[in-house]
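Please read the structure below before turning to the comments.
The values are calculated or read from the model by the stated rules, or taken from the named source; none is laboratory data. Because the structure is a prediction, the values reported are computed rather than measured. Cβ coordinates were reconstructed from backbone atoms using ideal geometry, including for glycine residues, and neighbour counts include every protein chain displayed. Heads up: the accessible areas ignore ligands, DNA and RNA and are worked out on the full protein's heavy atoms, side chains in. Shrake-Rupley method; radii C 1.70, N 1.55, O 1.52, S 1.80 Å.
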Amino acid sequence: MLAEATNNNLNTNALAYSFEETLIASQKINWRIEDIIGGDKQLDFSKPFMPESLARVSNLNFLTVAERRVLNQIKGHTYLQIFGLVEEFILPFVLDHVRPSLDADDYRVRAFLQFASEEAKHIQLFKTFTAEFHKNFSTECAVIGPPAEVAAFVLARQPLAVALVILGIEWMSQRHFIDSIKDDQQLDAQFKSLLKHHWLEEAQHAKLDAIMVEAIADGMSLEEIEKAVDEYLEIGGFLDEGLKQQTIFDLEAFERVTERQLTESEREEFLSVQHQANRWTYLGTGMTHPKFLAALEKLSPAQRKRIEEIAPAFC
Ligand SMILES: [Fe+2]
Ligand SMILES: [Fe+2]
């Protein structure tokens, strides 16, 4: 609500008020990694880690119930890795955004530094969860990357394209949290807590990112915005190729840990269903989020329409 009010009034006072409010909200929420995972907060491998709406393992009828749970847990590991990966380009982007104007507005500087600091903490949170995962899951699970190469590709695109990708990621974490509530009784408590606590801080990032998008787009022509959306889609296509590769890695990890060799038709179905699940989890949940689309519409109704037409491929 506050960010929306700010975005409709792009004057200095309105922005300063919003930055102050966002900073105060962040400081109230701020949690510690050790309160979320580790010690007596252990992963429970008798339960699924990911909401079914994201993992999409239940329709793979050729898998047993136990095998579906193992695949769900592999998808949980993938989630930790993919989010760790994207956070690694968000952190430098936010720092670069605030660096040229450190003397402009104290609340703005502090709000963005808080944002960056929380993303650094999230990178460490995902690494800590990954270490906990491997305490009980000895099989190697390969992941796409390395993060530095992904970051180099993304950050070579123009700032508005990157800011839009980040805005989508902030909003998708809200959807992931809501999806985990629906599976309340089934999910591992620690993964549920991860999705919840991540969103609690991402909620402030989403507001700041909406302001960042408007600030970067300020003064740009519709043609320039169209070009930025071209590059946003380039990043999406690049990430989608990575997700396709990740699906193969997940299949290999699944076959290793279950010591089950899938038939050719089973492999085909596995890869098709799981690639689409990854598309929805890491692209579609952001692209179709009403708040993301509303932010895009403010830049250009035509570009919103364009994304809405493309989005079903990622749902
Ligand atoms: Fe994050
Ligand atoms: Fe974030």
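Overview of results
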quantity: Within segment 58-78, considering residues that are surrounded by fewer than 23 Cβ atoms within 10 Å (Cβ to Cβ) and in contact (Cβ under 8 Å) with a residue 40 or more places away in the chain, the one farthest from Val273 (Cα to Cα); calculated: His77
quantity: Hits in segment 258-268 (condition: over 16 Å from Val70 (Cα atoms) and buried (at least 16 other Cβ atoms within 10 Å of the Cβ)); calculated: Glu266
quantity: Residue satisfying all of: in segment 175-201; farther than 19 Å from Gln42 by Cα and crowded, with 20+ Cβ neighbours inside 10 Å; nearest to ligand 2 (Cβ to nearest atom) among these; calculated: Glu201
quantity: Verdict on Ala210 being more than 16 Å from Leu296 (Cα to Cα), within 16 Å of ligand 1 (Cβ to nearest atom) and part of a helix (DSSP H, G or I); calculated: no
quantity: Matching residues, segment 170-191, being touching a Leu at 6+ places or on another chain (Cβ under 7 Å) and either among the hydrophobic types (A, V, I, L, M, F, W, C) or assigned to a helix (DSSP H, G or I) (or both); calculated: His176, Phe177, Asp179, Ser180, Gln190
quantity: Leu233, sole failed condition from (1) more than 16 Å from ligand 2 (Cβ to nearest atom); (2) under 18 Å from the mean Cα position of the chain (by Cα); (3) farther than 17 Å from Ser300 by Cβ; (4) of a type outside the set (Ser, Thr, Tyr); calculated: (3)
quantity: Answer from Asp103, Asp96 - the residue that is part of a helix (DSSP H, G or I) and away from ligand 1 (no atom under 14 Å from the Cβ); calculated: Asp96
quantity: Residues located in segment 213-225, provided they are part of a helix (DSSP H, G or I) and farther than 17 Å from Leu167 by Cβ; calculated: Leu222, Glu223, Glu224
quantity: Output for segment 263-304, where each listed residue is among the charged types (D, E, K, R), within 19 Å of Phe249 (Cβ to Cβ) and touching a residue at least 60 places away in the same chain (Cβ under 8 Å); calculated: Glu266, Glu269
quantity: Within segment 103-120, tally of residues that are touching a residue at least 24 places away in the same chain (Cβ under 8 Å) and of a type outside the set (Phe, Trp, Tyr); calculated: 9
quantity: Test: residue in segment 84-101 that is within 13 Å of ligand 2 (Cβ to nearest atom), over 24 Å from Phe19 (Cβ atoms) and open to solvent by 40 Å² or more (accessible area, probe 1.4 Å); calculated: yes
quantity: Any hit, segment 117-132, residues being farther than 24 Å from Gly39 by Cβ and open to solvent by 10 Å² or more (accessible area, probe 1.4 Å); calculated: no
quantity: Neighbours by Cβ (under 8 Å, 6+ apart or cross-chain): first from segment 228-246, touching a residue at least 24 places away in the same chain (Cβ under 8 Å) and within 13 Å of Phe314 (Cβ to Cβ); second of a type in the set (Ser, Thr, Tyr) and assigned to a helix (DSSP H, G or I); calculated: Leu239/Tyr282; Leu243/Tyr282
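Residue-wise test of (1) of a type in the set (Asp, Glu); (2) touching a helix residue (DSSP H, G or I) at 6+ places or on another chain (Cβ under 7 Å); (3) open to solvent by 50 Å² or more (accessible area, probe 1.4 Å).
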residue	(1), (2), (3)
Ile216	no, yes, no
Ser221	no, no, no
Glu234	yes, no, yes
Thr247	no, yes, no
Arg256	no, no, yes
Trp280	no, yes, no
Ala302	no, no, yes
